[in-house]
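Beneath this line is the structure, given in structure tokens, with notes to follow.
The values are calculated or read from the model by the stated rules, or taken from the named source; none is laboratory data. On a predicted model such as this, the values are computed, not experimentally measured, just so you know. Ideal geometry is used to build each Cβ from the backbone, glycine not excepted, and the neighbour counts take in all protein chains shown. SASA here: full protein model, heavy atoms, side chains in, ligands and nucleic acids out. Shrake-Rupley method; radii C 1.70, N 1.55, O 1.52, S 1.80 Å.
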Amino acid sequence: MRGLKGQGLTGRRSLVLVSAGTIVLVGTAVLAVGCATGGTGLRDGGPARTDPVAKTAPSAASPEASSGASASAATSGKPLKKVDPVALLKADPKVSAEIKRDLKPCTGKEYPVDVTYGKVTGSTVVDIVVNVLSCADALGRGSYVYRADGATYENVFSDEQPPVYAEIDRGDLVVTKQVYAKSDPLAYPSGEDVITYRWDGEKFTEQDRVHSEYSNVVDGGGQPAPAVTHKP
């Protein structure tokens with residue numbers, strides 16, 4: 001479970017780059033991240049913000065996005081509507097100025113953004129989970145959930161406390177955060193929090209939290225310690 005230390009999230013093996021106007025779509029496949037398995041949708045977490053959310057108009061998909069991303073259908077049977085995740089983030093007043101300022105291509109036109117399409121708010125239209133990463137080490141810098149609201153997308157979840165990565169797992173939102181002590185090097189965090197949120201019809205509420213503490217015996221801390229705190 002610790003295999004991705006130094007890249008910002010357990011279990012993450014590669015940085016998915018998304019160009020402005022080009023998104024990676026997954027219909028029935030899942031970008032597996034963290035400890036969760038068996039999820040539906042694309043996935044990348046931390047405490048949810050429950051303040052009033054902002055509505056952001058979606059950006060129309062460009063020809064480049066249409067050709068660069070495979071078309072798939074939502075689990076509800078409706079066609080998957082493609083959006084430009086970078087434009088979505090930059091137009092969202094709930095995204096911090098720091099994230100927007102640093103949201104630049106790593107190489108060429110490729111942005112360090114992971115996009116997930118799946119059902120996590122009970123809507124008949126698929127929701128969008130967006131994770132912003134760092135170019136240098138793929139650390140999760142911010143995670144966001146957008147819910148379709150007519151012709152706009154509503155930001156219903158934001159976490160900008162890195163390292164953070166959100167994903168969809170069996171209809172729940174699962175957020176993974178690595179925990180660092182003051183003396184921990186980037187490659188060896190002291191532990192990990194996995195938080196499960198569920199949509200209650202209006203917002204996400206925390207359902208479960210699992211905290212794992214890593215052992216420092218192997219490779220400076222490569223194995224989870226037996227102690228696990230579970231919150232029902």
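Would you please name the residue that is least open to solvent (accessible area, probe 1.4 Å), looking only at residues in the stretch 107-121 that are in contact with a Gly (Cβ under 7 Å, 6 or more places away or on another chain) and part of a loop (DSSP other than H, G, I, E, B)?
First pass over the stretch 107-121, keeping only residues in contact with a Gly (Cβ under 7 Å, 6 or more places away or on another chain): 116-120.
Still in the running and part of a loop (DSSP other than H, G, I, E, B): 119-120.
Values: Lys119: 74, Val120: 6 Å².
My answer is Val120.
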Picked from the stretch 178-210 (must be at pLDDT below 95 and in a strand (DSSP E or B)), the residue surrounded by the most Cβ atoms within 10 Å (Cβ to Cβ) is Gln178
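In the stretch 56-75, is there at least one residue being modelled with pLDDT under 50, within 26 Å of Thr205 (Cα to Cα), crowded, with 21+ Cβ neighbours inside 10 Å and not aromatic (Phe, Trp, Tyr)?
First, pick out the residues of the stretch 56-75 that are modelled with pLDDT under 50: 56-75.
Narrowing further to those that are within 26 Å of Thr205 (Cα to Cα): 56-58, 74-75.
Restricting the remaining residues to those that are crowded, with 21+ Cβ neighbours inside 10 Å gives 56.
Checking which are not aromatic (Phe, Trp, Tyr) leaves us with 56.
Yes: the stretch 56-75 contains one or more residues that are modelled with pLDDT under 50, within 26 Å of Thr205 (Cα to Cα), crowded, with 21+ Cβ neighbours inside 10 Å and not aromatic (Phe, Trp, Tyr).
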